[in-house]
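To start, the structure under review is shown below, and the notes come after it.
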Ligand code: C5P
């Protein structure tokens, strides 16, 4: 999360994430799945602008950044939820009630991270909203306290309180940061279609012998690209492909290019390829766009300030 003071309010740049590894360990009695996943923050950002109001109301205006969907065809997945169903609104309302504050917040959200895409856009926005409100309302809540509240808003939200690299367990809300070497370059693309997270999870059969994340953690710590590529894994990819054929078409498009490795992110439908460097990523994104995958973009891993 990058935070700037702007004219009496705050502006936050909230990143997307990629799941380089995602294993489903078991189905839980509460309807969730026990997970082990490794996430990296990447250089696609939503913008959240916030300032206080004296009316004690949470007001949110959300829109797509100009031109962001111009390259993609309009679809149900490019519609934004009503303001009151947006996780930013829900996070702010919850914090306002819990802290008993009388001030409100006017928030403007400009979205660039595709929705229903497995890139954590809404979760990142919600984490930014909590961090911003904590400052604006001078609550002095600790990061731990905010992250605990964040976990109740969504399983991926606590990750965005990390510095951009974490192993996440439980529902995804138990965070263990790790260090990695180098800046990692990727191409991210998504089909027009999105997928609903509950639908993908309910199609997934937890394995008898789960994979281990340790080889990937070691490869990232040592900066060994080939070993990273060999340890990419996403248990949700198979169910996602069976629900949405566009994911398999995107996989085949990635297979035709020379990525070091590639897979779907989260519960889809975004797909990413690991590249040798920035130039390789830019060239591969251009080739995917030329092949009709209009959303293909070169991105890199980012580290966020504490
Ligand atoms: O926590 P969040 O609201 O993001 O989860 C959305 C849905 O995704 C859940 O209602 C559940 O169906 C599914 N899910 C799951 N196991 C997880 C995370 C999410 O089954 N660990």
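We did not get these values from a lab; they are worked out from the coordinates using the rules stated. Worth saying up front: this structure is predicted, and the values here are computed from it rather than measured. Quick reminder, even Gly has a Cβ in these numbers, built from the backbone with ideal geometry, and neighbours come from all protein chains shown.
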If each residue of separation counts as 0.36 nm, what is the full-extension length gain between residue 183 and residue 290 once their alpha-carbon separation is subtracted? 35.9 nm
Along principal axes, largest first, the alpha-carbon spread of region 4-123 in whole Å comes out as 47, 40, 28
When only C-alpha pairs under 8 Å and at least 6 residues apart count, what is the relative contact order of the chain, in percent? 23
Taking Cα atoms, the helix 278-290 axis meets the longest principal axis of the chain at an angle in degrees (rounded to 10) of 80
Among 140-149, 115-124, 82-91, how do they line up from the highest to the lowest mean number of other beta-carbon atoms within 10 Å? 115-124, 82-91, 140-149
Separation in nanometres of the label points that stand 7 Å from Cα toward Cβ, at residue 25 and residue 303: 2.9
Arrange the peptides 38-46, 101-109, 173-181, 215-223 so that the one whose residues have, on average, the most other Cβ atoms within 10 Å appears first. 38-46, 101-109, 215-223, 173-181
Quick check: the distance between the Cα centres of region 163-194 and region 1-65, to the nearest angstrom? 13
Ordering of 155-167, 285-297, 182-194 by packing [mean C-beta count within 10 Å, highest first]: 155-167, 182-194, 285-297
Distance in nm between residue 192 and residue 211 label points, each 7 Å along Cα→Cβ, equals 3.1
Tell me whether region 161-306 comes out rounded, prolate or oblate; compute the Cα gyration tensor, take square roots of the eigenvalues as a ≥ b ≥ c, and use a/c under 1.5 as the rounded threshold. oblate
Region 1-130 - percent relative contact order, Cα under 8 Å, separation 6 or more: 31
